[in-house]
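Q: One structure is given below, represented as structure tokens, and several questions about it will come after.
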4 protein chains.
Amino acid sequence: MKIRVYYEDTDAAGIVYYANYLKYCERARSEVFFEAGETPQSASGYFVVKELEAKYLSPASLGDILTIETELLEKRSASIVLLQRVKKEASLLFEMKIKLAYLHQGRPVKIPEKIYRLVSAWESGE
Amino acid sequence: MKIRVYYEDTDAAGIVYYANYLKYCERARSEVFFEAGETPQSASGYFVVKELEAKYLSPASLGDILTIETELLEKRSASIVLLQRVKKEASLLFEMKIKLAYLHQGRPVKIPEKIYRLVSAWESGE
Amino acid sequence: MKIRVYYEDTDAAGIVYYANYLKYCERARSEVFFEAGETPQSASGYFVVKELEAKYLSPASLGDILTIETELLEKRSASIVLLQRVKKEASLLFEMKIKLAYLHQGRPVKIPEKIYRLVSAWESGE
Amino acid sequence: MKIRVYYEDTDAAGIVYYANYLKYCERARSEVFFEAGETPQSASGYFVVKELEAKYLSPASLGDILTIETELLEKRSASIVLLQRVKKEASLLFEMKIKLAYLHQGRPVKIPEKIYRLVSAWESGE
């Protein structure tokens with residue numbers, strides 16, 4: 001997934017605002033649903049973020065084209081752990097380990113088979 | 001209503017991003033509901049933006065404290081027109097005329113009496 | 001220009017937050033610069049928003065793919081007026097007339113020839 | 001520091017978008033500078049985020065009033081580690097450990113004495 005950095009993403013320090021890397025990573029997670037004709041929030045449930053660990057290695061700037069890579073690190077019955085990287089060409093700018101739990105009406109439930117197949121797209125670290 | 005400009009509000013041009021003045025004005029509109037113990041979206045309906053005309057006079061910067069003023073220009077049975085101003089001390093930075101329609105389940109309805117009393121707080125241009 | 005609606009663009013009303021259509025339009029304006037290998041803010045100057053008039057016709061929702069169209073309405077020596085439309089397939093969701101002035105170090109200046117050629121891409125209403 | 005949740009902070013899931021807790025925490029960090037009559041980015045340098053670890057415990061919703069608490073966990077010559085908490089009354093919603101490095105013109109430098117005194121406001125976990 002490729003993302004262009006626009007004015008809205010930057011701040012007065014001239015670089016991408018630190019919270020916006022989380023937006024980019026969420027776009028990549030949601031896009032897998034959209035491209036499969038699904039929505040991230042369906043009748044069967046939805047993922048919520050439980051924990052994340054992020055490293056900021058180098059800043060992105062206005063006009064940069066960034067690549068978001070997502071890799072499935074752990075697959076449990078009711079949660080997954082992903083590694084998401086934001087790169088500018090070969091250079092790694094941002095890296096985040098994120099734990100997502102699957103909920104239905106606010107309570108943790110087993111991830112449905114259909115959703116499991118979707119997130120398996122990340123097994124190879126696309 | 002007073003608002004501080006934080007990094008998230010600014011962009012790489014070093015000033016407040018042009019869409020964010022609309023956020024400031026919406027905060028002021030919603031705050032009237034919150035302070036009355038209501039929510040902007042209730043069982044009786046909600047306002048949606050139909051039209052706006054904005055003038056950008058002078059930019060705001062990181063750390064500025066802005067004042068948002070709201071004045072009721074027109075009051076009809078199913079819509080209102082407001083004039084909202086963003087000021088830095090005596091200086092006018094941004095001005096917007098905004099038309100809001102009242103909807104219930106997606107269809108225009110008469111603004112309930114309780115809501116009319118709330119928005120009347122803007123008659124004097126607080 | 002095509003834009004996907006992600007969670008970050010929506011609000012608790014379940015639709016795209018009203019200020020975010022301005023973000024989409026700005027992306028389209030900046031993209032013309034990026035694709036020409038330029039930046040919107042260069043040594044010769046930059047555009048700033050002076051006025052806008054917007055109409056909200058129909059809301060966009062999570063997962064929608066939107067098209068942004070930009071048309072040059074007026075071309076003066078130091079300013080331009082654009083008409084920008086946000087569509088979902090054939091349906092018009094949002095429309096904005098926006099006046100941009102060209103500045104150099106905070107003062108209005110004649111738009112350089114190179115920039116004029118860039119914005120002329122919008123003459124045909126791409 | 002108290003923060004009201006507005007529409008712009010929420011998403012189509014009806015709760016505060018996960019990246020926005022980072023915005024709230026940054027506001028609290030910057031406010032210490034503003035209240036001392038300083039700016040977060042001065043001639044002597046500025047802080048940049050290097051790492052963070054966040055836990056999402058319970059979601060915030062439209063209209064909530066949140067309290068941001070900041071506590072200084074580590075104080076080194078060129079970096080600090082903070083613990084920041086977002087609470088709704090007594091209930092903890094979000095918690096983040098964040099490492100900030102002090103830079104001048106892009107390179108790590110010793111935190112100036114004046115800045116050290118500012119961040120010491122967080123020693124008691126205000």
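The values are calculated or read from the model by the stated rules, or taken from the named source; none is laboratory data. In this text the structure is predicted, and so the values were computed from the model without any measurement. FYI the Cβ positions are ideal-geometry reconstructions off the backbone, even for glycines, and counts take in every protein chain you see.
Q: Restricting the search to segment B:88-125, which residues are of a type in the set (Asp, Glu) and surrounded by fewer than 17 Cβ atoms within 10 Å (Cβ to Cβ)?
A: B:89, B:113, B:123
Q: Okay, moving on. Suppose the filter is in contact (Cβ under 8 Å) with a residue 60 or more places away in the chain, closer than 29 Å to residue D:33 by Cα and over 15 Å from the mean Cα position of the chain (by Cα); does residue B:15 pass it?
A: The answer is no for residue B:15.
Q: Go through segment D:55-87 residue by residue and tally those that are assigned to a loop (DSSP other than H, G, I, E, B) and surrounded by 16 or more Cβ atoms within 10 Å (Cβ to Cβ).
A: Final tally of qualifying residues: 5.
Q: I'm told residue D:1 meets every condition in (1) under 12 Å from the mean Cα position of the chain (by Cα); (2) modelled with pLDDT of 95 or more except one. Can you identify the failing condition by its number?
A: Result: residue D:1 fails condition (2) only.
Q: Within segment D:90-104, can one find any residue that is assigned to a strand (DSSP E or B), among the small types (Gly, Ala, Ser), within 25 Å of residue A:41 (Cβ to Cβ) and touching a strand residue (DSSP E or B) at 6+ places or on another chain (Cβ under 7 Å)?
A: no
Q: Shifting gears a bit: Taking the residues in segment A:6-54 that are on the phi > 0 side of the Ramachandran plot and in a loop (DSSP other than H, G, I, E, B) as candidates, determine which candidate is nearest to the other protein chains (Cβ to nearest Cβ).
A: So, considering only residues that are on the phi > 0 side of the Ramachandran plot and in a loop (DSSP other than H, G, I, E, B), the one nearest to the other protein chains (Cβ to nearest Cβ) is A:14.
Q: Just the residues that are over 30 Å from residue D:56 (Cα atoms) and of a type in the set (Gly, Ala, Ser), please, taken from segment D:92-115.
A: D:106
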